[in-house]
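See structure below.
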Amino acid sequence: MSQPIEKGTEAKNIPAPLAPAELERMRHSAAHLMAAAVQQLWPTARFGVGPAVKNGFYYDLDLPVQLTQADLGKIEQKMRELKNKKLPYERIELPVDEAIAEMERRGQTYKVELLNLLKEKGSTAVAKETGDEDVIGSNESGGVAQVSFYKTGEFLDLCRGPHVESSNQIAVFKLMNIAGAYWRGNEKNPQLQRLYGAVFSTKEELDHYLWQLEEARKRDHRKLGQELDIFTFSDDVGQGLPLWMPNGTVIREELEKLAKEEERRDGYVRVSTPHITKDKLYYRSGHLPYYREDMYAPIEIEGEEYFLKPMNCPHHHQLYLARLRSYRDLPLRMAEYGQVYRYEQSGALSGLMRTRGFNQNDAHLYCRYDQAKDEFLKVMRLHARYYDMMGIKEYYMRFSKPDLSKLDKYVNEPEKWLAAMEIIKQAMDESGYPYVEAEGEAAFYGPKIDFMIKSVIGTEYAISTNQLDFVASERFELSYKGEDGKDHPVYVIHRAPLGSHERFVAFLIEHYAGVFPTWLAPVQAVIIPISDRHKEYAHQVYERLFSSEVPTATGGIRVLLDEARESMQKKIRNAQVKKIPYMLIVGDKEAEDGVVSVRLRSGVDLKAMPVEELIDRIRAEVKTRQDIVVS
RNA sequence: GCCGACGUAGCUUAGUUGGUAGAGCAGCCGAUUCGUAAUCGGCAGGUCAUCGGUUCGAAUCCGAUCGUCGGCUCCA
């Protein structure tokens with residue numbers, strides 16, 4: 001049975017879960033070491049917070065200068081100097097008022113602010129704030145009287161600790177990058193310079209981490225997406241609005257075919273809805289007041305306002321309402337790969353990972369209350385089927401709960417929240433999949449789970465979201481006639497296991513490093529005639545492959561014939577660069593024997609093979625969506 | 001949206017302290033007809049993101065706009 005493994009965490013800043021406590025202590029101490037170095041270089045520096053994070057630490061700084069890459073080297077050098085002095089990390093406890101006076105004397109206004117919070121509230125935590133490690137433990141609701149500091153050389157920092165004893169215990173570090181960050185995570189506050197550093201206990205680990213970063217760069221879907229002609233953007237079309245090239249469109253179609261097959265098996269029906277809708281619908285759904293700023297401005301037609309749809313749910317609800325529903329109709333599962341538009345902040349956009357227009361693997365399940373747990377569980381199992389198929393070995397669920405003290409942000413119905421959360425919890429426990437819990441992350445209308453998945457190089461992504469919605473049934477009067485002849489409300493489950501095409505394809509590109517399994521490969525086979533005299537035979541081979549019965553989304557094997565006047569070696573190279581699964585060499589020997597010589601992109605030579613055998617092989621890979629592994 | 005960096009042919013990029021652009025790959029043409037990751041030669045392609053300013057002169061300096069990237073914030 002699974003247990004929550006972490007609470008209230010944000011994916012990006014999770015302290016490395018497997019790191020021993022000493023490593024985290026070392027990272028935190030490295031943050032102080034860096035701050036000490038910065039203080040020596042810029043004595044007027046003011047300090048924000050500087051916690052340990054995954055792979056290292058950061059420190060938020062208010063400096064008189066804008067740091068450049070060159071400054072990182074300078075700071076790093078100073079850090080080494082200080083490290084080698086074997087500075088002790090000295091713990092000092094002070095009454096809070098004395099602490100405030102001391103920090104005021106040093107001009108550390110941010111620390112003073114934190115101390116005042118500690119004095120008044122006993123905590124510096126702000127809602128959803130992460131990485132604030134300078135909190136002194138206090139379970140009382142009131143303020144704290146005593147706070148602790150750590151002194152490293154001349155640098156004195158408000159800090160709970162713990163720390164290493166001496167600076168030379170900080171093993172290997174490297175300053176990574178500079179970024180902007182708002183003080184206390186609030187965009188109304190001043191922006192500080194955040195310096196990230198990596199810290200590991202051995203050089204090998206640091207090197208491995210740097211290698212991982214390098215590998216991630218190589219796999220970046222924006223780079224591969226361009227090299228493999230999967231998608232593009234156009235300034236003239238607009239920010240965040242991807243254009244899918246033919247290769248990318250193939251991948252979308254294969255994913256959509258997969259979704260249709262799996263959803264059919266799970267009893268879904270398919271629907272289609274329009275891209276624009278009157279404002280009225282979104283007032284009714286309750287989205288407009290919450291999300292108006294995140295929607296494209298309305299189009300006015302004949303005195304009415306039409307919005308580009310930011311989600312499909314209200315439309316599906318209209319379909320639900322189009323006729324009277326009986327308990328016999330439930331669960332009703334409506335699926336649609338729905339195109340939606342959201343006006344995301346420009347700075348949030350990132351390749352296909354974050355776009356303003358995207359196509360969701362959406363569905364809404366309408367069910368009786370007593371069916372909700374099983375339906376939710378079934379959705380979880382569907383996720384797992386997809387992940388197994390794609391070789392995604394590591395995944396867990398993030399259970400997003402509301403912050404019930406903030407009912408302006410969430411629908412104010414505490415009992416319903418609790419009931420819905422209980423259903424999800426039961427389903428999670430029954431599923432056996434691991435999960436974490438996150439407070440204050442729920443949708444405004446209900447709790448949700450996100451599946452967090454890890455690509456083969458360990459990059460973590462939140463791809464899909466599943467929500468249990470108890471609000472829609474009231475807002476839209478979604479009900480059914482029960483056996484008792486009375487109307488009953490339904491639960492609505494929102495789910496999108498494959499997320500959006502945009503984000504999922506971005507994930508797959510990085511996960512596979514562009515080496516797509518045969519069923520997803522935009523081009524599955526290329527025929528390479530050795531010289532002009534083999535073209536006729538090559539055409540025969542092409543015809544047989546092209547017209548073979550293979551159940552791809554595009555209606556047959558995706559095969560090309562490379563007739564360019566290039567050397568065979570060059571054509572092989574071109575196919576390798578494009579990561580095409582099968583290279584079929586045809587020359588004199590093949591033409592004579594009526595076979596093809598098969599080279600895999602792995603470099604493996606399968607030698608000569610009858611064309612029919614090759615077709616059977618590709619058919620098997622497409623049908624099972626698993627590549628046949630050759631060692 | 002905010003802070004910072006960046007923006008040279010389809011792609012990757014060179015271009016000293018300002019003196020109106022060079023290359024590789026891709027493309028096209030020609031020769032080569034090749035046995036498992038690049039045959040050779042030629043041609044063409046850039047209003048240096050856009051607009052404005054400073055200057056005798058701007059890819060180089062300044063400003064605005066658009067876009068990209070690293071973060072922050074956000075993510076129904």
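Expressed as a fraction of 2.2 N^0.38 Å, the value expected for a compact globular protein of N residues, the C-alpha radius of gyration of the range A:445-521 is 1.62. The simple Förster model, with R0 at 45 Å and r as the Cβ-Cβ distance, assigns A:Arg573 and A:Met389 a FRET efficiency of 0.90. If R0 equals 22 Å, the separation of the Cβ atoms of A:Asp329 and A:Tyr369 corresponds to a calculated FRET efficiency of about 0.90.
Shape summary of chain A, radius of gyration then Dmax from alpha carbon positions: 29.0, 94 Å.
Compute the distance in nm between two label points, each set 7 Å from the Cα along the Cα-to-Cβ direction, one at A:Arg265 and one at A:Arg80. Placing both labels 7 Å beyond Cα along the Cβ direction yields 5.7 nm.
So what is the accessible area of the range A:12-116 per residue, in Å², with the probe set to 1.4 Å?
Counting only protein heavy atoms, the per-residue value for the range A:12-116 is 46 Å².
First obtain the Kirkwood hydrodynamic radius of the range A:154-305 from its Cα pairs, then insert it into the Stokes-Einstein equation at 10 °C and 1.306 mPa s, and state the resulting D in µm² per second as a whole number. Estimated via Stokes-Einstein, D reaches 71 µm²/s.
The slack between A:Ala348 and A:Glu415, meaning 0.36 nm per residue of separation minus the straight C-alpha distance, is 20.6 nm. Cα convex hull, the range A:525-624: 92 Å³ per residue, rounded to a whole number. Size descriptors for the range A:223-512: radius of gyration and Dmax over Cα atoms are 18.9, 61 Å. Summarising the label geometry, the points placed 7 Å from Cα in the beta-carbon direction at A:His539 and A:Tyr291 lie 5.5 nm from one another. Where only DSSP H runs of four or more residues are counted, chain A gives -11000 deg cm²/dmol as its mean residue ellipticity at 222 nm, each run worth -39500 (n - 2.57). In this structure A:Glu300 has an accessible area near 140 Å², from a 1.4 Å probe over the protein heavy atoms. Positive contributions from Lys and Arg (+1) and negative ones from Asp and Glu (-1), summed over other residues with Cβ under 12 Å from the Cβ of A:Gln193, come out at -1.
State in Å² the accessible area per residue of the range A:301-359; use a 1.4 Å probe, count heavy atoms of protein chains only, and round to the nearest integer. Write down the numbers at each step before the final one.
Details: 2530 Å² over 59 residues.
Value for the range A:301-359: 43 Å² per residue.
Close amide H contacts of A:Gly556 (hydrogens built in the peptide plane, cut-off under 5 Å, sequence separation of 5 or more or a different chain): A:Val550. At 10 °C and a viscosity of 1.306 mPa s, what translational diffusion coefficient does Stokes-Einstein give for the range A:324-482, taking Rh as the Kirkwood radius over Cα pairs? Give it in µm²/s as a whole number. The calculation lands on 92 µm²/s. For the range A:463-528, the carbon plus sulfur part of the accessible surface works out to 46%, probe radius 1.4 Å. Derived scalar couplings between HN and Hα for the range A:424-440 equal 5, 4, 4, 4, 5, 4, 5, 5, x, 7, x, 8, 10, 10, 10, 7, x Hz in order, rounded to whole Hz, by the Karplus curve 6.51 cos²θ - 1.76 cosθ + 1.60 (θ = phi - 60°), x for Gly and Pro.
With R₀ set to 45 Å, the beta-carbon distance separating A:Glu256 from A:Glu22 gives a calculated FRET efficiency near 0.40.
The values are calculated or read from the model by the stated rules, or taken from the named source; none is laboratory data. Model, not experiment: these values are computed from the prediction. Virtual Cβ from ideal backbone geometry, glycine too; neighbours counted across all protein chains shown. Only protein heavy atoms, including side chains, enter the accessible area calculation; ligands, DNA and RNA are left aside. Shrake-Rupley method; radii C 1.70, N 1.55, O 1.52, S 1.80 Å.
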